[in-house]
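Participant: Right, I'll just put the structure down here and ask away after.
The values are calculated or read from the model by the stated rules, or taken from the named source; none is laboratory data. Just so you know, these numbers come straight off a predicted model, no measurement behind them. When we count neighbours, we look across all protein chains shown, and the Cβ atoms used for this are built from the backbone with ideal geometry, even at glycine.
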Amino acid sequence: MFAWLGLIHVDVAVTALAVWTLPSAMAVTALATLVAAAAIPRTVATPRWGARLARAVTRTATAYFPTRLEFEDEEAYLRAVRNEEACVIGLEPHGVLPLSVISFAEYFMHDEEGARRRGLTPAARRGARALASAAIFKVPLVKHLWTWLGLDPISKACMLRMLRAGKTAVIIPGGVAECMAMERGVETLYLRKRYGFVKIAIVTGAKLIPAYTFGQSRTYGYWRLGPPIVPKFVADWIGKTFSFAPIIFWGKFCTPIPYATALNTVVGKPIEVEKNPDPSKEEVQAKLDEFIDAMRSLYDSHKARFGYEDVRLVIC
């Protein structure tokens with residue numbers, strides 16, 4: 001668990017300590033090691049020890065929270081996978097860190113037992129990847145572990161390549177902007193201006209599938225940069241420019257280890273999308289509205305089962 005979520009903090013601590021103690025030989029060695037690790041391409045074939053580490057992280061994380069994954073119509077999704085029909089799973093909410101992607105371990109991570117239980121073929125598992133902020137894939141060591149876990153840096157080119165190959169992309173549309181919009185006591189989704197993933201789905205004819213994780217927003221406590229320290233637009237600019245939310249967060253015992261709150265992910269029914277290489281703004285808007293309506297319906301249909309009946313959903 002710490003390997004998954006604590007490596008960023010280790011990198012920051014080692015860098016800060018090394019800079020502080022320069023020009024000592026140990027400090028130079030530490031910085032040189034981090035630079036060398038950052039230079040190693042993440043596309044290098046997964047070593048055996050890397051696969052074992054990823055498998056251990058997956059099993060530990062899914063048991064720790066624990067995680068639960070259910071579909072309103074799993075057969076419809078599996079049928080699309082078998083037919084090599086592209087799918088975009090829009091998973092919400094983002095929260096402080098998008099830990100909910102671990103719920104899909106049986107589909108694209110190292111959980112062979114779960115995959116066998118669901119009757120997934122190796123091809124189906126290889127055809128699904130989660131996409132995360134490209135900024136995280138610039139961090140030494142972290143970028144390699146996250147790649148081994150089944151994640152890739154999100155970009156328009158990456159999504160187009162995956163979907164044109166008939167694969168499944170799991171994304172969190174709200175992204176960093178959603179982190180900047182979060183409010184305590186409510187579930188906040190930043191979707192109304194997220195046209196990009198919908199347009200890509202239309203261009204490729206990929207199905208849009210809403211998914212919601214109950215418990216995701218309760219995994220960490222946080223403090224976010226903003227008024228009265230700096231104006232909100234400054235904090236938003238920092239998040240947009242660096243693809244990182246200016247936020248301090250903590251979990252169990254004030255560590256990077258999240259609170260052990262159950263992560264219950266429900267995947268909605270696929271939304272059919274008619275392929276159009278050059279969709280109009282009106283077409284994209286209509287399909288985005290349909291996705292938002294489906295996400296709200298998914299939340300309302302299942303919130304009582306997971307203790308969210310009195311929690312308001314805000315979509316901005």
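Participant: With respect to THR46, is the statement that it is polar (S, T, N, Q), in a helix (DSSP H, G or I) and within 19 Å of LEU145 (Cβ to Cβ) true?
Facilitator: For THR46, the condition - polar (S, T, N, Q), in a helix (DSSP H, G or I) and within 19 Å of LEU145 (Cβ to Cβ) - is not met.
Participant: Let me ask you something else. Among (1) buried (at least 19 other Cβ atoms within 10 Å of the Cβ); (2) at pLDDT 95 or above, which single condition is ALA294 missing?
Facilitator: Here ALA294 clears every test but (1).
Participant: Another one. Can you name the residue in the stretch 175-207 that is at pLDDT below 95 and in contact with a helix residue (DSSP H, G or I) (Cβ under 8 Å, 6 or more places away or on another chain) and, of all such residues, is nearest to ILE136 (Cα to Cα)?
Facilitator: VAL176
Participant: Also, I was wondering about something else. Search the stretch 26-50 for residues that are under 16 Å from ALA16 (Cβ atoms) and pair each with any residue that is of a type in the set (Phe, Trp, Tyr) and in a helix (DSSP H, G or I) when their beta-carbon atoms are under 9 Å apart and the residues are at least 6 apart or on different chains.
Facilitator: ALA27/TRP20
Participant: Also: Considering only the stretch 77-98, state which residues are part of a loop (DSSP other than H, G, I, E, B), aliphatic (A, V, I, L, M) and over 21 Å from CYS158 (Cβ atoms).
Facilitator: Result: VAL96, single match.
Participant: What number of residues within the stretch 224-256 are among the hydroxyl-bearing types (Ser, Thr, Tyr) and outside any loop (DSSP other than H, G, I, E, B)?
Facilitator: 1
Participant: Starting from residues that are touching a Leu at 6+ places or on another chain (Cβ under 9 Å) and in a loop (DSSP other than H, G, I, E, B), keep the ones in the stretch 270-299 and report whichever is nearest to LEU313 (Cα to Cα).
Facilitator: Among those that are touching a Leu at 6+ places or on another chain (Cβ under 9 Å) and in a loop (DSSP other than H, G, I, E, B), it is PRO270.
Participant: Would you pick out the residues in the stretch 165-190 that are of a type in the set (A, V, I, L, M, F, W, C) and within 22 Å of ILE102 (Cα to Cα)?
Facilitator: Keep residues of the stretch 165-190 that are of a type in the set (A, V, I, L, M, F, W, C), which gives 165, 169-172, 176-177, 179-182, 186, 189.
ALA169, VAL170, ILE171, ILE172, VAL176, ALA177, CYS179, MET182, LEU189, listed by residue number.
Participant: Turning to a different aspect of this structure: Out of the stretch 168-190, which residues are part of a loop (DSSP other than H, G, I, E, B) and surrounded by fewer than 21 Cβ atoms within 10 Å (Cβ to Cβ)?
Facilitator: Restricting attention to the stretch 168-190, the residues satisfying the condition of being part of a loop (DSSP other than H, G, I, E, B) are 172-174, 182-186, 190.
Within the stretch 168-190, GLU183, ARG184, GLY185, VAL186 qualify.
Participant: Return yes or no: is TRP20 exposed (fewer than 11 other Cβ atoms within 10 Å of the Cβ) and either assigned to a helix (DSSP H, G or I) or at pLDDT 80 or above (or both)?
Facilitator: Yes, satisfied.
Participant: Give the residues of the stretch 198-207 that are within 12 Å of ALA169 (Cβ to Cβ) and crowded, with 24+ Cβ neighbours inside 10 Å, sorted by residue number.
Facilitator: Residues satisfying the conditions are ALA201, ALA206.
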